[in-house]
Amino acid sequence: MQHYSKRDQTFSGRNRKHTYYIMANKYYRVRPGNSIQQERECLEKGFVGLNYGINRDLSAYLYMKQLPFREKFAPEYYMKYSNLTMADARSAMSKLWYFCCNLEIDDTIISYFSDGLIRVGIVSSPYFYVPDSSIPHRRSVDWIDITLDANEMTASLRPHVLGKLYVCANLSDYSEELDRLIEEAMNKAGLEFC
């Protein structure tokens, strides 16, 4: 499995070139917020994040496995959103667990933005919490200056990238296809990779 992580920058005249090294772990689809303003903030400030109404720092719970984490926070989520079922709450907390506890530095993020562009980023920090924010649970991301074309994706990958239900989902089963798509996009953008 190949992933690209920004590790070095070289400069050639006026044209800035980035070198990306193949070195990492997994692919995840993470939705970059719930509004155009949140998406813009994610791009400008170099992060991706989730909310889910759990307004406290989860750093003390990062050691937990998925099931205990889910069972601990699902009732809190369910109480805030009583129009959902407890199964919905457990599913939401599983996604939050993936984001907070399972993503690692150098994992590759695939994000579908409301402008129709599919952007690619590399996780560059552990989980951190930003209080009083509409997106409090965050990971820093180095966004790569490329976009992916949904029309070039297989019918099995496309709904996982474009679907609204997939707030945070593991796409590592599609790593070979995503490797190819990213490599082609980087070649078109004139970016180097090793």
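General remarks:
- In region 48-68, the residues that are over 17 Å from Glu104 (Cβ atoms) reach residues that are loosely packed, with under 14 Cβ neighbours inside 10 Å and of a type in the set (S, T, N, Q) with C-beta atoms within less than 9 angstrom, at least six apart or across chains, in these pairs: Asn51/Ser134.
- Pick from region 8-26, criterion assigned to a loop (DSSP other than H, G, I, E, B) and surrounded by 13 or more Cβ atoms within 10 Å (Cβ to Cβ), ranking: modelled with the highest pLDDT: Lys26
- Strands (runs of 3 or more DSSP E) contained in region 80-194 and holding at least 2 residues open to solvent by 20 Å² or more (accessible area, probe 1.4 Å) and within 20 Å of Lys26 (Cβ to Cβ): 137-148
- Yes/no for Gly46 being farther than 16 Å from Tyr28 by Cβ and under 12 Å from the mean Cα position of the chain (by Cα): yes
- Residues located in region 27-52, provided they are more than 21 Å from Lys80 (Cα to Cα) and open to solvent by less than 50 Å² (accessible area, probe 1.4 Å): Tyr27, Tyr28, Arg29, Val30, Pro32, Gln38, Glu39, Glu41, Cys42, Gly46, Phe47, Val48
- Matching residues in region 145-182 - criterion: being touching a residue at least 60 places away in the same chain (Cβ under 8 Å) and in contact with a Phe, Trp or Tyr (Cβ under 8 Å, 6 or more places away or on another chain): His160, Val161, Cys168, Ala169, Asn170, Leu171, Ser172, Tyr174, Ser175, Leu178, Ile182
- When Asp106, Asp115 are checked against the criterion of being under 26 Å from Ile146 (Cα atoms), among the charged types (D, E, K, R) and touching a strand residue (DSSP E or B) at 6+ places or on another chain (Cβ under 7 Å), a single residue qualifies: Asp106.
The values are calculated or read from the model by the stated rules, or taken from the named source; none is laboratory data. Keep in mind it's a predicted model, so treat the numbers as computed, not measured. Every residue, glycine among them, receives a Cβ derived from its backbone with ideal geometry; neighbour counts consider all protein chains shown. In case anyone asks, the SASA skips ligands and DNA or RNA and just uses the protein heavy atoms, side chains included. Shrake-Rupley method; radii C 1.70, N 1.55, O 1.52, S 1.80 Å.
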